[in-house]
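Let me begin by presenting the structure, written as structure tokens, before commenting on it.
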Amino acid sequence: MAKWLKKGAEAEAIKSADRQVRDTVEAILADVEARGDVAVRELAIKFDKMDRDSYRLTSEEIDACYAQLTPRDLEDIRFAQTQVRNFAQHQRDSIQDIEIETLPGVILGHKNLPVNAAGCYVPGGKYPLLASAHMSIITAKVAGVPRVMTAAPPFNGKPAPAIVVAQHMAGADEIYCLGGIQAVAAMAIGTQSIKPVDILVGPGNAFVAEAKRQLFGRVGIDLFAGPTETLVIADDSVDGELCATDLLGQAEHGPDSPAVLLTTSESLARDTLAEIERLLEILPTADIARKSWHSFGEVIVADSDEEMLAIANDLAFEHVQVMTRDPDWFLANMRNYGALFLGPRTNVAFGDKAIGTNHTLPTRKAARYTGGLWVGKFLKTCTYQKVMTDEASAMIGAYCSRLCALEGFAGHGEQANIRVRRYGKRAVPYAGIAE
């Protein structure tokens, strides 16, 4: 039976914080809907400390951001974007339109149509997270979205050069220096100067995530996202330093980012706890990582791989890193996760920044019912039907009429009946129809 050497925050404390976020977001969304650009500007001054007539960046401002990066910076961004685009294109190529004749004269099909406009939020107030630009904008463009707008908060009081360059290189049609709830609201609701989008994507803080949740239905969203989650599944084939590094590497995202070690080795668990304390003395982002680890970090010791599997599937974490003797066993058997990172040679940072898979992933157990952001999120699978012969129309009509009668839908039934009367004279009865 599993035992916890360390537990995280209590659920009630988390719920209380969530309620406060909900109320704040609701008020701001209503304000933006009522006052449009005026409200957005006031909110940007208050939260982003930036006052502009327009928050959309000009071509000259974008060029100035390019000039602030080195050739090595630009090449590194191109490399990451090439990997993301390559994998996204393979995903798109796997999604096929279909058209089949299911019965003589009956044609059914579906087409995969991109949405008309996507809004991509790129977080960047605490760190300039340019990787989120690759993940959202490139994926939307590979899906075929004709208009992609993107918003990112200022960094140190001005547009973050690396984010702006990444947005532009990825193919964004409109780039805004705008953060938080006001950015999400402007993209989804629209203002006097901003045309609204059809879907919102991209990670963000608790306020951004809650704004997306409240706007869902008015627009589509990629997924409901909370703080970054990392689960390291390990046995004694690896060491505490490696586990501690990978846990703290994600804990630095924010003070509420859960990081969990799940292992069959109590010795490894205790070594990892010791290594974490050592690394927290030297890690440049230790202030944030320490808060996250102390409040939300957990260490669980299980009796077997099977028990680790059961616990991992119940946790349904965003990132699951497997460092065991047989990581492919977990690939074959795990069902609830945002993304898997298999073996000690890979890690969550590779997926976050450069390897090509998407880093916008489900949190808070949403991995039970959805995967992460991919080209399919920007596509609508829309069905169609064609009835090609009189015989087929009359035959389907007879079935439809009787089924409508069972439900009491007279009007629906008459839609079928008129076609039976009109096309049934030359119809050949279909086997199984009751006269």
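The values are calculated or read from the model by the stated rules, or taken from the named source; none is laboratory data. What you see is a predicted model; the values in this text were computed from it and never measured. Because the Cβ atoms are built from the backbone with ideal geometry, glycine has one as well, and the counts that use them run over all protein chains shown. Surface accessibility is based on the protein's heavy atoms, side chains included, excluding ligands, DNA and RNA. Shrake-Rupley method; radii C 1.70, N 1.55, O 1.52, S 1.80 Å.
Restricting attention to segment 304-320, does a residue exist that is open to solvent by 30 Å² or more (accessible area, probe 1.4 Å) and either closer than 19 Å to Ala88 by Cα or at pLDDT below 95 (or both)? No: segment 304-320 contains no residue that is open to solvent by 30 Å² or more (accessible area, probe 1.4 Å) and either closer than 19 Å to Ala88 by Cα or at pLDDT below 95 (or both).
Only one residue in Ala67, Ala39 is touching an Asp or Glu at 6+ places or on another chain (Cβ under 7 Å) and of a type in the set (Gly, Ala, Ser), so which one is that?
On the way: Ala67 fails: touching an Asp or Glu at 6+ places or on another chain (Cβ under 7 Å).
Going through Ala67, Ala39 in turn, the sole match is Ala39.
Would you check which residues across segment 263-303 are buried (at least 24 other Cβ atoms within 10 Å of the Cβ) and under 25 Å from the mean Cα position of the chain (by Cα) and list them? Selection gives Ala289, Ser292, Trp293, Gly297.
Between Leu74, Leu43, the distinction of being in contact (Cβ under 8 Å) with a residue 60 or more places away in the chain, within 30 Å of Gly144 (Cα to Cα) and not polar (S, T, N, Q) belongs to Leu74 only. On inspection, Met149 does not qualify as in contact with a His (Cβ under 7 Å, 6 or more places away or on another chain), under 16 Å from Phe378 (Cβ atoms) and open to solvent by less than 10 Å² (accessible area, probe 1.4 Å). Restricting attention to segment 90-124 and to residues that are without any contact (Cβ under 8 Å) to a residue 60 or more places away in the chain and not charged (D, E, K, R), the residue that is farthest from Pro153 (Cα to Cα) turns out to be Thr102. Within segment 120-129, restricting attention to residues that are open to solvent by 10 Å² or more (accessible area, probe 1.4 Å) and within 16 Å of the chain's Cα centre (by Cα), the residue that is farthest from Ile181 (Cα to Cα) is Leu129. Screening Gly105 against (1) closer than 22 Å to Ala80 by Cβ; (2) open to solvent by less than 10 Å² (accessible area, probe 1.4 Å); (3) not hydroxyl-bearing (Ser, Thr, Tyr) leaves a single unmet condition, (1). So which residues in segment 197-243 are touching a helix residue (DSSP H, G or I) at 6+ places or on another chain (Cβ under 9 Å) and within 14 Å of Leu29 (Cα to Cα), if there are any at all? Once the filter is applied, which keeps residues that are touching a helix residue (DSSP H, G or I) at 6+ places or on another chain (Cβ under 9 Å) and within 14 Å of Leu29 (Cα to Cα), segment 197-243 yields Phe207, Val208, Ala209, Glu210, Ala211, Lys212, Arg213, Gln214, Leu215, Arg218, Val219. Restricted to strands (runs of 3 or more DSSP E) entirely inside segment 36-139, those with at least 2 residues that are in contact with a Leu (Cβ under 9 Å, 6 or more places away or on another chain), under 30 Å from Asp390 (Cα atoms) and of a type in the set (A, V, I, L, M) are 98-103. Filtered by the rule that a residue be part of a loop (DSSP other than H, G, I, E, B) and either at pLDDT below 95 or in contact with a strand residue (DSSP E or B) (Cβ under 9 Å, 6 or more places away or on another chain) (or both), segment 246-281 gives Glu252, His253, Gly254, Pro255, Asp256, Ser257, Pro258, Thr264, Ser265.
Taking the conditions exactly as written (over 17 Å from the mean Cα position of the chain (by Cα), crowded, with 19+ Cβ neighbours inside 10 Å and modelled with pLDDT of 95 or more), does Val115 satisfy them or not? Give the steps one after another, and end with the answer.
Numbers: over 17 Å from the mean Cα position of the chain (by Cα): no; crowded, with 19+ Cβ neighbours inside 10 Å: yes; modelled with pLDDT of 95 or more: yes.
Answer is no for this residue.
Output the residues belonging to segment 164-195 that are in a helix (DSSP H, G or I) and over 11 Å from Val122 (Cα atoms).
Of the residues in segment 164-195, the ones in a helix (DSSP H, G or I) are 164-170, 180-189.
Result: Val165, His168, Met169, Ala170, Ile181, Gln182, Ala185, Ala186, Met187, Ala188, Ile189.
Can you find, within segment 334-370, the residue that is modelled with the lowest pLDDT among those that are open to solvent by 60 Å² or more (accessible area, probe 1.4 Å) and more than 20 Å from Gly249 (Cβ to Cβ)? Taking the candidates together, the pick is Arg364. Hey, among the residues in segment 46-71 that are open to solvent by less than 80 Å² (accessible area, probe 1.4 Å) and touching a strand residue (DSSP E or B) at 6+ places or on another chain (Cβ under 6 Å), which one's farthest from Val148 (Cα to Cα)? Of everything passing the filter in segment 46-71, Tyr55 is farthest from Val148 (Cα to Cα).
Apart from one condition, Ala394 fits all of (1) open to solvent by less than 30 Å² (accessible area, probe 1.4 Å); (2) at pLDDT below 95; the exception is (2).
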